[in-house]
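Please read the structure below before turning to the comments.
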Amino acid sequence: MRTVDLARAGGCSVQQVRNLERDGVLPPAARTAAGYRVYDERHRWAVLAYQGLSRGAGPVQAKQLLRAVVSGEPEQALASLDGVHAALHRERQELARAREAVAVIVAEPVEDVRPSDAMSVAELAEALGVRPSTLRHWDAEGLVVPGRAGPRAARRYTPADVATARVVHQLRRAGYGVRAVAELLPALQGAGRGELGTVLTARDAALTGRSRALVEGAAALAELLRSNEKAADPR
C-alpha cells in the first residue's frame, strides 16, 4: 500500500500516517527503488489499533502501547492494555457510586439548623476524606464557599454547604473537572436537580463508547500481533 492507501484503510489523514511512523507507532515502512514508502497489512492493523486505543485510552497511552509492540515487547503492550481496562472499570465503579450518592444527598432535607451544626475546614476535610487544601481550592474556585462570622473569623460550613461539598466530592471522584463541576452546581437548586442525573447518564454513555473503542482497538492489536508472528516465522 501507498501512504494514501494506508490512510484510507485506517480512516485517517496522510499526515497522521507519517506522524505515526515518525513517532514509532507504526513499523518502519519498506522503500521502493525510487524511495517511496510501501506499507503492508501490519501497518494497517497498527493504524486501526491506534485509532481504537486512542479513543478508549487517549493518544499518549495508545502510542506507548503500540511502540512496545513495534519494539518487540508484546508482553509489555498487553500488560498496559490490561491496565487500561482496569482503569476504565474503576471509572465505571466510581461513576456508579457517584450517581447513587448524589441522588441521596440532593434528596436529604436540611432542617432544624443550629449554629453548632456548622463544620470547620478540618472537620469537613476529615469527614470527606480529603485534604484541607482541597476544600480551600474549592473555595477559591467558587465551588463550595463557606461563610465567616467576621473578617478574621475561621471558615465555617453550614449543613447546606456540607451537602454541596459532598456532591462536589462525588462528582470529582466520578471524573469531572473543576470547571465541569462548577457548571453543574446550579442544578442543585430546586427543580434543576434532575439535570445532575442526566449529566451523569451522559458520562456513562461516554464510558461505554470508550469501552467499545478499546474492544475495536484490541481486536486490531491481536491481528497486528499475529501478523508480526507470521513475519517472524513464515512457515
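The values are calculated or read from the model by the stated rules, or taken from the named source; none is laboratory data. Keep in mind that this is a model prediction, so the values were computed, not measured. Cβ coordinates were reconstructed from backbone atoms using ideal geometry, including for glycine residues, and neighbour counts include every protein chain displayed. Just so you know, the surface numbers come from the protein's heavy atoms only, side chains and all, with ligands and any DNA or RNA stripped out. Shrake-Rupley method; radii C 1.70, N 1.55, O 1.52, S 1.80 Å.
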For this session: Could you tell me which residue of the range 79-123 is most open to solvent (accessible area, probe 1.4 Å), considering only residues that are modelled with pLDDT of 75 or more and outside any helix (DSSP H, G or I)?
Result: MET119
Problem set entry | Complete set of residues in the range 2-28 that are crowded, with 18+ Cβ neighbours inside 10 Å, in contact with a Lys or Arg (Cβ under 8 Å, 6 or more places away or on another chain) and in a loop (DSSP other than H, G, I, E, B) | VAL25, PRO27
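Would you point out which residue out of ARG155, ARG203 is open to solvent by 20 Å² or more (accessible area, probe 1.4 Å), modelled with pLDDT under 85 and in contact with a Pro (Cβ under 6 Å, 6 or more places away or on another chain)?
ARG155 is the lone residue from the list that is open to solvent by 20 Å² or more (accessible area, probe 1.4 Å), modelled with pLDDT under 85 and in contact with a Pro (Cβ under 6 Å, 6 or more places away or on another chain).
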